[in-house]
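Everything below concerns the one structure shown next.
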Amino acid sequence: MGIVNTPEMQIVFSDTPGVLKPNYKLQESMLAFSESALQDADILLYVTDVVENPEKNRDFLDKVAKMTIPVILLINKIDQSDQKQLGDIVEQWHKLLPNAEILPISAKNKFGTDMLLARIKDLLPESPAYFDKEQLTDKPARFFVTETIREKILLYYDKEIPYAVEVRCESFKETDKRIDIRAVIYVERESQKGIIIGHQGIALKKVSTEARKTLEKFFDKHIFLETYVKVDKDWRSNDKELDSFGYNAI
């Protein structure tokens, strides 16, 4: 959850997982969270791009089409298309979601983002602020530790590795000048553990170093980061393990 505060408004963005057809328990939990957004939101932003096949998530889109709240369909990455291609894409989406407001944008180039923010402001109902005006998210500090490490793994390993990885922050001790962190990276197989660690630990050291640099900027403190790798077989399909990682709590 991300919170945007200005003198006249507060917008609470709840970012759901990407919509997909689930193949295991983790993805079932992710889809359930995405579907819950259809019930709780004041506005639904459905984010797609010029590459995605509109038919891919037809079951989910059928539910979106029946919604009574405002739906804004964002077609991102229009910098990678031409006018004719974009026109064809808009027409495809209009057939699937005839009641949605369609906004082509380029998040990379910040094209259309100001218009989107203004449109959200117009559509949101008036109410008291839900959160303190200084608050930027509902997540604790440990969440940003685990997500930062996961980000580095996404960047530095082949795509089949990151999606079998989970990170747990087991220790977070903060003083005035520094934070001591102990984090465990969980994988499903011994072979994945070897890949994460790398020859003589070089790969894991790179991830840890880059994560530490990012966390030092985020917390504005010196960081001492210890990272370990453990095998937890089939954690993505085990309800107990998903509970412990917080997924089933979604």
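The values are calculated or read from the model by the stated rules, or taken from the named source; none is laboratory data. Source: prediction; values computed, not measured. Positions of Cβ are generated from backbone atoms using ideal geometry, with glycine treated the same way; all protein chains shown enter the neighbour counts. Heads up: the accessible areas ignore ligands, DNA and RNA and are worked out on the full protein's heavy atoms, side chains in. Shrake-Rupley method; radii C 1.70, N 1.55, O 1.52, S 1.80 Å.
Observations on the model:
- Order of exposure, largest accessible area first, which applies to M1, M9 with probe 1.4 Å: M1, M9
- Candidate lysines - alpha carbon under 18 Å from K230, same-chain residues fewer than 8 apart omitted: K152, K193, K205, K206, K240
- Surface/4 estimate of mean projected area, convex hull on alpha-carbon atoms of the range 135-195, nm²: 5.4
- Protein-only accessible surface order, largest first, of L136, L97 at 1.4 Å: L136, L97
- For the range 175-191, Karplus couplings with θ = phi - 60° (6.51, -1.76, 1.60), whole Hz, Gly/Pro x: 10, 5, 10, 8, 10, 9, 10, 10, 10, 10, 9, 9, 10, 8, 9, 4, 4
- Applying 0.36 nm per residue to the separation of V4 and I161 and subtracting their alpha-carbon distance, the gain on full extension is 53.2 nm.
- For the range 73-135, the spread of Cα positions along each principal axis, largest first, Å: 45, 27, 14
- Ranked from largest to smallest solvent-accessible area, with a 1.4 Å probe on the protein heavy atoms, K193, K121 come out as K121, K193.
- About its Cα centre, the dipole of the range 150-202 is roughly 140 debye, where the only charges are +1 on Lys and Arg Cβ and -1 on Asp and Glu Cβ.
- Of all lysines in the structure, the ones whose alpha carbon falls short of 17 Å from that of K108, not counting any fewer than 8 places away in one chain, are K77.
- Residues whose placed amide H lies under 5 Å from that of V229, excluding near-sequence neighbours: I185
- Extension gain from Q135 to S14, taking 0.36 nm per residue of separation minus the Cα-Cα distance: 42.1 nm
- Modelled FRET efficiency - R0 30 Å, K66 with D122, Cβ distances, 0.05 increments: 0.85
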